[in-house]
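Following: one structure in structure tokens, then a few remarks.
Every read-out reported here was derived from the displayed coordinates using simple, explicitly stated rules and does not represent laboratory data. Bear in mind the structure is a predicted one, so any value in this text is a computation, not a measurement. FYI the Cβ positions are ideal-geometry reconstructions off the backbone, even for glycines, and counts take in every protein chain you see.
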Amino acid sequence: MRAEPGLRAHPTAVSPQFLQDTLDALFNIMMENSESETFDTLVFDALVFIIGLIADRKFQHFNPVLETYIKKHFSATLAYTKLTKVLRNYVDNAEKPGVNEQLYKAMKALEYIFKFIVSRVLFNQ
């Protein structure tokens, strides 16, 4: 995934404004490639990045938007398997260079990652 140069320079200026569309697109990428793990880590990292943006004080007002998305709009029923697999991979490989930093970012976003996971697990039961 390659971002436009202007968006890359100022990711916080645009991303939260289109939160639902962005999250839908990420989960569509993950689910359209459900037989493959090719994009799982990229989607997971993008999700962690977005959650990190929302955790920033400048965008705290998007917390209710994210909560509403998880409760009412999130519909990728099998995404929980892919999210847990990537998270487990990060934990299992925490000692490897580069993984450590991604695991740290994921841990900071863990509350919402688990909300995504649990919402679908409960839905499937």
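Mind checking which lysines have their Cα closer than 19 Å to the Cα of Lys85? Skip sequence neighbours fewer than 8 apart in that chain.
Lys96, Lys105, Lys108, Lys115
Most exposed first by the Cβ proxy, i.e. fewest other Cβ within 10 Å, how do Lys105, Lys82, Lys72 rank?
The order, fewest Cβ neighbours first, is Lys72, Lys105, Lys82.
Excluding Asp40 itself, what net charge comes from residues whose Cβ is under 14 Å from its Cβ, given Lys and Arg +1 and Asp and Glu -1? The partial results should precede the final answer.
On the way: positive: Lys82, Lys85, Arg88; negative: Glu32, Glu35, Glu37, Asp45.
Neighbourhood net charge equals -1.
Return Val99, Val86, Val118 ranked ascending by Cβ neighbour count within 10 Å, so the fewest neighbours appear first.
Going from sparsest to densest Cβ surroundings: Val118, Val99, Val86.
So if we plug the beta-carbon distance of Glu67 and Lys96 into 1/(1 + (r/R0)^6) with R0 = 30 Å, what FRET efficiency do we get, rounded to 0.05?
So the FRET efficiency works out to roughly 0.35.
How would you rank Phe44, Phe62, Phe49, going from fewest to most other Cβ atoms within 10 Å of each one's own Cβ?
Lowest to highest Cβ neighbour count: Phe49, Phe62, Phe44.
So for the range 17-124, averaging the separation of alpha carbon pairs under 8 Å that are six or more residues apart and normalising by length, what relative contact order in percent results? It would help to have the intermediate numbers written out before the result.
On the way: 82 pairs, mean separation 34.7, N = 108.
After rounding, I find 32 percent.
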